[in-house]
Amino acid sequence: MRLLLMEPVAGLGAVGEVVEVSDGYGRNYLLPQRLAVANTPENQKEIKTLRLIQLQREEERSALAERAVKDLKNALLQVKLKAQDDGTLYGSVTQSVVADVVLAAKGYRLEERWIQLAAPIKKIGDYDIVVRLPGDQQTQFKLTVLPEEG
């Protein structure tokens, strides 16, 4: 059975490759998991379009990564959250909260998976936030967690 891969499959091939697989593997695994489709001219056109879109996204992500490395290196950002008298937060600071802080301060949103937190932040204080970006780039900035007034 000849199939066109829609996703990379380990040991088989990359996106857009035409592969020859056994009928059972294709029918029972690749097709139901939407990892591959029939090798038709229409599907080949679709995969070319998907590749172009993917390349465009990768360019945008790498441009964002370069901008983030410059903007966030040694930056000082802060967030105010409700806290108890002993400094314990009612909620916690997660990757999503850090991404929102960067969006508000710098005007662009980081992908949450780029933000490296060992565990959610649950106390008021200063924290070093590491951001691992595509292309083996890394930057670090300081996030100050303050109690909300009132």
query: Where the convex hull is taken over the Cα atoms of the chain, what is its projected area averaged over directions, in nm²?
result: 12.2
query: Using θ = phi - 60° and the Karplus curve 6.51 cos²θ - 1.76 cosθ + 1.60, what whole-Hz ³J(HN,Hα) does each residue of the range 83-91 get, with Gly and Pro shown as x?
result: 9, 7, 5, 7, x, 7, 6, 5, x
message: Excluding same-chain pairs closer than 8 in sequence, count the lysine pairs in the chain whose Cα atoms lie under 18 Å apart.
response: 13
message: I'd like the GluC sites (Glu not before Pro) in the range 1-104 restricted to DSSP loop residues with at most 15 other Cβ atoms within 10 Å, sorted by number.
response: 17
query: Which whole-number percentage describes the relative contact order of the chain, with Cα contacts under 8 Å and a sequence gap of 6 or more?
result: 20
Bins of 10 Å, starting at 0 and running to the largest distance - Cα pair percent for the range 21-105: 13, 23, 19, 18, 18, 9, 1
- request: Run the numbers on the range 2-61 and let me know its relative contact order in percent, using alpha-carbon pairs under 8 Å that are six or more apart.
  value: 35
At q = 0.23, 0.30, 0.31 Å⁻¹, base-10 log of I(q)/I(0) for the range 13-56 (Debye sum, equal scatterers on each alpha carbon): -0.84, -1.15, -1.18
message: Angle check, please: helix 95-106 long axis (alpha carbons) against the longest principal axis of the chain (alpha carbons), in degrees 0 to 90, nearest 10.
response: 70
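Quick note: the coordinates plus some simple rules give every number you see, no bench work behind them. Everything quoted here is computed from the prediction, not taken from an experiment. Here Cβ is always computed from backbone atoms with ideal geometry, including for glycine, and neighbour counts include all displayed protein chains.
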